[in-house]
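Just below is one structure, and these are the notes that go with it.
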Amino acid sequence: MELARRDFLRLSIAAGTGTALSGLVGSGVNLSPTVARAQELRIKGAKTTPSICPYCSVGCATLVNTVDGKIVNIEGDPRSPHNEGTLCPKGAAIFQLHVNPNRPIQVLHRAAGAADWEVWDLERAMNRIAELVKKTRDETFIEKLPSGKPVNVTPAVFALGGATLEIEFNHLCQKLMRGLGIVAIENQARI
């Protein structure tokens with residue numbers, strides 16, 4: 001293995017820093033004030049708002065720090081009995097959910113067999129979805145079993161929800177899907 005000069009310097013600095021810190025900690029030096037000061041400077045002047053991680057159904061508490069209405073940091077809330085200030089890798093990436101420049105902000109549609117995406121306005125996309133759901137439901141709706149027992153279901157539509165949506169939306173989604181006769185519902189909602 002060939003070690004470049006730059007890599008050698010990086011390894012040397014990392015090893016030296018690690019040795020120095022472990023020597024300080026081993027000798028009983030309390031680094032808590034330094035860590036607290038660094039934490040304070042990192043979010044100085046930011047407004048802290050308690051929130052909940054939007055991903056799974058655990059509901060880990062987070063602290064969202066904003067400056068002039070823009071999110072600058074999101075971290076776990078140490079006061080929470082659920083996560084005690086820690087977040088899983090997905091939860092630790094919540095910041096990217098809000099500020100990612102690659103996040104889609106338009107409805108893109110690619111027709112069957114087409115090679116390119118087409119930008120649709122939201123109303124057109126919603127109307128197309130409603131049209132396809134109604135068509136599929138009408139074609140596959142089962143009102144009664146052969147035995148005569150009423151079931152009112154459509155087995156051709158599956159509803160997939162998620163915990164990135166708030167509980168109220170997930171509850172309404174459940175009601176809508178059941179009203180359409182959809183029984184295949186997977187939702188990570190807290191309902």
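Express in nm, to one decimal, how much length is gained between Phe158 and Leu132 on full extension, taking 0.36 nm for each residue of separation and deducting their alpha carbon distance. Provide the component values of the computation, followed by the final result.
Values: separation 26, 0.36 × 26 = 9.36 nm, distance 1.30 nm.
Separation in residues times 0.36 nm, less the Cα-Cα distance, equals 8.1 nm.
Using a 10 Å cut-off on Cβ atoms, rank the peptides 138-151, 171-184 from the highest mean neighbour count down. Mind dumping the intermediate values first?
On the way: 138-151: 9.9, 171-184: 14.9.
Averaged packing, sorted descending, gives the order 171-184, 138-151.
Specify the angular offset, from 0 to 90 degrees and rounded to the nearest 10, of the alpha carbon long axis of helix 167-180 from the longest principal axis of the alpha carbons in the chain.
So the inclination is approximately 20 degrees.
What FRET efficiency do you get for Asn102 and Asn73 if R0 is 22 Å and r is their Cβ-Cβ distance, rounded to the nearest 0.05? Mind showing how you got there, number by number?
Details: r = 20 Å, r/R0 = 0.91.
Efficiency, rounded to the nearest 0.05: 0.65.
Could you tell me which label, among (1) 145, 42, 26; (2) 85, 43, 21; (3) 81, 44, 42, carries the value of Cα extents along the principal axes in Å calculated for this structure?
It is the one labelled (3).
What's the FRET efficiency of Ala4 with Glu123 using the Cβ-Cβ distance as r and R₀ = 45 Å, to the nearest 0.05? Could you put the intermediate results ahead of the total?
Details: r = 57 Å, r/R0 = 1.26.
So, using R0 = 45 Å, E works out to roughly 0.20.
Check the chain for me: any Cys whose beta-carbon has no other cysteine beta-carbon within less than 4.7 Å?
So, Cys56, Cys88, Cys173.
At a Förster radius of 30 Å, what calculated FRET efficiency corresponds to the Cβ-Cβ distance of Ser57 and Leu172, to the nearest 0.05? Write out the running numbers ahead of the final one.
Working: r = 17 Å, r/R0 = 0.57.
Between Ser57 and Leu172 the formula returns 0.95.
Every number in this text was worked out from the coordinates using simple rules, so none of it is lab data. The structure displayed is predicted, hence computed values, not measured ones. Note: ideal-geometry Cβ built from the backbone for every residue, glycine included; neighbour counts use all protein chains shown.
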